[in-house]
């Protein structure tokens, strides 16, 4: 998993029903100090995250499907939770 | 998933029947601002995308097979949909 | 697997029960000489590692789930053990 | 999948029977313009590719096993086909 | 798979029984010309490789588990064989 920052949303024409009613968010990967690494994922949102939120991203398909509680879902990255704090 | 730009097609001699009748597209990965990252995938197309289209790419094998609705298909990257808009 | 250094903890609001009672640690990836590579993972801890510990990280979901002894757990990276020594 | 160039062969002492009689090829990853990206894979060959051939590489284990038509085969990358043409 | 060079061993306190009696080796990834790429893996050894050996590394969990002939083993990278020669 990694720490991400929600920066936008993607509107797309997708026929696969697993995406119906799901919001697709652009999430920039941050390093532990909060700086963007340059990597990003288009994530399915299950926690009602919004632009500007710092989130925890599960970036593995099998784990992502378990978060969605669906054995069959064509996803790779899912927002698992909202980050409250990072402590060093 | 990531945002991609269809830039070309690949013509190849492939014996595996899962590829018969499937178009193989070259998709450059874009960053959220629309600039190429340098990465790319050869993707199976299921949404009739064409050169110049901005698309959403599923880059995980198990998820890709679910888009194709086949349990057995030797694919890793599939074009999931056409991107209509990116909002920040 | 890779060698990591525990540098912090993440506090997040996560609804999925697989994370309840689990500590989420920030682990910087080290190269074999002990220098940070710039990569990191948010890891689930099962060995009571603490900040400053050098640890062995399993960075694959199926392997991580086996460490947790759960077939269903939305994780990708798990701290497998504490590193005692690296010999060249 | 990616476009690759076969540049060599690896001769190794391997006990696992899945590799018996299989040629192991060094395949440099090319970008869509035909330039090496610096990445490579040691690939199992199932299409009788030779040095200098441009090939299509499946770089995911589950997909690779399906190309080999074996549920159990310790492979990650397989040469899927010979590339005839790339069109932009 | 990739070509690696065994450069060291890791001694760690690991409770999971799948690691009992297994040697954990540090393997630097080499490019096809034999130069280090900067990447490495901590690998489980099943071929009695030693420091200085050039080896073939399977870097995918499902494939690695098949090399170990265990359906359940929390590993991602395994040394598959000793490299005898690389031919261009």
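Kindly check whether there is at least one residue in segment E:6-26 that is under 20 Å from residue D:77 (Cα atoms) and under 10 Å from the mean Cα position of the chain (by Cα).
Looking for residues that are under 20 Å from residue D:77 (Cα atoms) and under 10 Å from the mean Cα position of the chain (by Cα), one finds none in segment E:6-26, hence no.
Please go through segment B:18-47 and give me each residue that is surrounded by fewer than 21 Cβ atoms within 10 Å (Cβ to Cβ), out of contact with any helix residue (DSSP H, G or I) (no Cβ under 7 Å at 6 or more places or on another chain) and within 19 Å of residue B:66 (Cβ to Cβ), ordered by number.
Selection gives B:18, B:19, B:22, B:45, B:47.
Just for strands (runs of 3 or more DSSP E) wholly inside chain C: which have at least 1 residues that are touching a strand residue (DSSP E or B) at 6+ places or on another chain (Cβ under 7 Å), closer than 20 Å to residue E:43 by Cβ and without any contact (Cβ under 8 Å) to a residue 12 or more places away in the chain?
Once the strands (runs of 3 or more DSSP E) in chain C are filtered for at least 1 residues that are touching a strand residue (DSSP E or B) at 6+ places or on another chain (Cβ under 7 Å), closer than 20 Å to residue E:43 by Cβ and without any contact (Cβ under 8 Å) to a residue 12 or more places away in the chain, what remains is C:36-45, C:78-87.
When residue D:28 is evaluated against the numbered criteria (1) under 21 Å from residue B:8 (Cα atoms); (2) at pLDDT below 95, which criterion, by number, is the only one it fails?
Going through the list (1) under 21 Å from residue B:8 (Cα atoms); (2) at pLDDT below 95, residue D:28 breaks only (2).
Here is a list of conditions, (1) within 13 Å of the chain's Cα centre (by Cα); (2) at the interface with another protein chain (Cβ under 10 Å from one of its Cβ atoms), and residue A:48 meets all of them except one; can you say which number that is?
(2)
What residue, among those in segment A:61-88 that are at pLDDT 75 or above and within 11 Å of the chain's Cα centre (by Cα), is farthest from the other protein chains (Cβ to nearest Cβ)?
The extreme case among them is A:79.
The values are calculated or read from the model by the stated rules, or taken from the named source; none is laboratory data. Not measured: the values here are computed from a predicted model. No Cβ is skipped: glycine too gets one built from the backbone with ideal geometry, and neighbour counts run over all protein chains shown.
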